[in-house]
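Below is one structure, written out as structure tokens, with a few remarks after it.
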Amino acid sequence: MDQDASSSGGWRFAQCFGDKGEVEDITEADIISTVEFDSTGNYLATGDKGGRVVLFERNEMKKGCEYKFYTEFQSHEPEFDYLKSLEIEEKINKIKWCKRQNSAHFLLSTNDKTIKLWKVFEKSLRVVAESNLLEGQRSLPAPLLSQNLRLPRMTLQDNIIAAVPRKVYANAHAYHIHSISVNSDQETFISADDLRINLWNLDISDRSFNIVDIKPANMEELTEVITAAEFHPIHCNLFMYSSSKSNIKLADMRDSALCDRHAKMFEEEEDPTNRSFFSEIISSISDVKFSHDGRYILSRDYLNLKIWDINMESKPLKTIPIHDHLRGKLCDLYENDCIFDKFECVWSGDDKQVLTGSYHNYFRIFDTDTLNDVVLQADKSAFKTKKIGGPLPGNKPGMKNGMRPGGMRENMALETLDFNKKILHASWHPREYTIAIAATNNLFLYSAA
């Protein structure tokens with residue numbers, strides 16, 4: 001597949017935010033740990049390992065889909081649990097926007113232990129321009145008669161973007177929170193850790209309901225953990241959660257208060273001939289997402305993407321290998337801990353395409369119908385060439401844009417992959433073909449015509 005604009009589905013590099021230095025010089029706190037568009041696509045949020053949330057807004061002055069810095073605030077600070085002698089990292093694990101009800105934005109952010117509801121709004125700063133002793137910068141003599149007294153006059157000095165925590169949902173999780181999901185009713189949300197899922201009301205921060213608990217009485221009997229959880233986009237009573245045992249459970253909150261008995265379980269029988277020491281690790285599901293119409297489920301394990309029909313539990317509709325060339329390298333990936341990397345997956349706004357990441361900053365976009373794909377790289381060369389398909393190492397010059405057919409896909413399977421560069425987090429604009437990709441400490445934006 002040619003990697004020019006026509007064969008790359010028209011995808012073009014649009015913007016890059018963040019330090020453009022080399023990977024070796026990166027401060028750990030600057031590494032992006034989550035990225036999320038709001039429901040309109042006009043705002044984009046990122047969270048990093050330093051506990052900061054950075055918001056971007058659509059730049060209406062520009063013709064294409066471009067963004068500009070909106071505001072930044074410190075969401076979480078490092079803490080210490082003195083009872084358990086544990087450090088609690090400030091790293092932002094997830095950000096979820098609430099639907100906008102007025103001029104203010106509300107968003108949930110979480111680290112390992114504490115979820116916060118932030119209100120972000122424009123605030124006008126006013127200063128005293130005139131008083132009995134001042135007129136602008138000029139000092140006045142004190143008035144001697146009461147009729148000379150005048151009321152101070154305020155004038156607008158500046159508009160600022162303020163961020164204040166409206167609610168703090170704490171002390172409900174014994175294990176690390178990895179997922180939060182806002183319900184379609186916009187009144188409740190769930191938070192999930194390795195063994196439990198809790199249901200919260202957005203207005204009540206001191207009480208939550210435990211709706212899933214898979215913790216065994218004896219921890220030595222523990223065989224699986226919850227890896228991701230999400231509410232159904234339309235039916236407020238349905239949610240799903242995935243497990244390290246390669247299954248996805250769909251639960252209905254109308255059945256019972258504790259949803260341990262799932263309504264459906266999506267699981268594919270494993271081929272015994274493919275079993276190996278690594279089978280359990282690579283089959284663990286790292287992310288699950290409902291399609292926007294709620295009909296399909298997208299899941300990601302270490303090597304594959306799977307698309308499930310909500311009405312068919314026995315096997316996925318489609319299985320898409322992402323980086324099958326790594327099968328022979330599982331030993332090395334186990335040694336360097338990369339085999340435990342948790343790649344996310346996302347649907348396009350129209351549910352016709354899906355996106356997920358790989359190593360060496362490659363990511364892939366698949367057509368859900370034909371499975372035709374585009375391989376792109378969120379790389380520093382992108383903003384140097386300002387277009388997709390700029391020359392890459394290993395490409396023969398002379399082809400259009402320096403690329404030969406299938407060049408990007410061949411490069412993806414080269415021996416020289418850098419496993420420190422990986423695309424774990426991404427988000428897709430809900431209404432347009434614009435994607436936000438987190439590549440270490442950089443945020444890349446790509447658009448397609």
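The values are calculated or read from the model by the stated rules, or taken from the named source; none is laboratory data. Note that the coordinates shown come from a computational prediction; the quantities given were computed from them, not determined experimentally. So basically every Cβ, Gly included, is an ideal-geometry build from the backbone, and we count neighbours across all protein chains shown. Please note that ligands, DNA and RNA were not included when accessible areas were found on the heavy atoms of the full protein model with its side chains. Shrake-Rupley method; radii C 1.70, N 1.55, O 1.52, S 1.80 Å.
Checking the structure you have, find out if any residue of segment 338-350 is open to solvent by less than 10 Å² (accessible area, probe 1.4 Å), closer than 22 Å to Ile435 by Cα and out of contact with any Lys or Arg (no Cβ under 6 Å at 6 or more places or on another chain).
Looking through segment 338-350, at least one residue is open to solvent by less than 10 Å² (accessible area, probe 1.4 Å), closer than 22 Å to Ile435 by Cα and out of contact with any Lys or Arg (no Cβ under 6 Å at 6 or more places or on another chain).
Hey, can you tell me all the residues within segment 212-229 that are in contact with a Ser or Thr (Cβ under 7 Å, 6 or more places away or on another chain), surrounded by fewer than 21 Cβ atoms within 10 Å (Cβ to Cβ) and not charged (D, E, K, R)?
Answer for segment 212-229, where residues must be in contact with a Ser or Thr (Cβ under 7 Å, 6 or more places away or on another chain), surrounded by fewer than 21 Cβ atoms within 10 Å (Cβ to Cβ) and not charged (D, E, K, R): just Val225.
How about segment 164-192: which of its residues are over 20 Å from the mean Cα position of the chain (by Cα) and among the small types (Gly, Ala, Ser)?
Ala170, Ala172, Ala174
Would you confirm whether any residue within segment 252-259 is assigned to a strand (DSSP E or B), open to solvent by 60 Å² or more (accessible area, probe 1.4 Å) and either farther than 26 Å from Val346 by Cβ or of a type in the set (Gly, Ala, Ser) (or both)?
No, because not a single residue in segment 252-259 is assigned to a strand (DSSP E or B), open to solvent by 60 Å² or more (accessible area, probe 1.4 Å) and either farther than 26 Å from Val346 by Cβ or of a type in the set (Gly, Ala, Ser) (or both).
For the structure I just gave you, tell me whether Lys289 is touching an Asp or Glu at 6+ places or on another chain (Cβ under 9 Å), of a type in the set (Lys, Arg), at pLDDT 90 or above and crowded, with 17+ Cβ neighbours inside 10 Å.
Here the answer is yes, as Lys289 does meet what is asked.
Filter segment 49-76 down to residues that are assigned to a loop (DSSP other than H, G, I, E, B), touching a residue at least 24 places away in the same chain (Cβ under 8 Å) and farther than 16 Å from Ile177 by Cβ, then give me how many there are.
4
Looking only at segment 151-200, count every residue that is more than 26 Å from Phe37 (Cβ to Cβ) and charged (D, E, K, R) and tell me the total.
4
I'm trying to understand the selection: among the residues of segment 349-380, which are of a type in the set (D, E, K, R) and under 21 Å from Arg431 (Cα atoms)? Steps first, answer last, please.
Step one: list which residues in segment 349-380 are of a type in the set (D, E, K, R), which gives 350-352, 364, 367, 369, 373, 379-380.
Answer for segment 349-380, where residues must be of a type in the set (D, E, K, R) and under 21 Å from Arg431 (Cα atoms): Asp350, Asp351, Lys352, Arg364, Asp367, Asp369, Asp373.
Conditions (1) part of a loop (DSSP other than H, G, I, E, B); (2) under 18 Å from the mean Cα position of the chain (by Cα), marked per residue:
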residue: Glu90; (1), (2): yes, yes
residue: Ile95; (1), (2): no, yes
residue: Trp118; (1), (2): no, yes
residue: Arg126; (1), (2): no, no
residue: Leu144; (1), (2): yes, no
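Among (1) within 16 Å of Ser246 (Cβ to Cβ); (2) open to solvent by 70 Å² or more (accessible area, probe 1.4 Å), where does Arg327 come up short?
Status for Arg327: all satisfied but (1).
Among the residues of segment 24-48, count how many are open to solvent by 40 Å² or more (accessible area, probe 1.4 Å), in contact (Cβ under 8 Å) with a residue 60 or more places away in the chain and not hydroxyl-bearing (Ser, Thr, Tyr).
The number of residues fulfilling the criteria is 2.
Can you tell me which of Ser124, Ser85 is open to solvent by 10 Å² or more (accessible area, probe 1.4 Å) and at positive phi? Talk me through it step by step, then tell me what you get.
Numbers: Ser124 fails: at positive phi.
Just one listed residue meets the conditions, Ser85.
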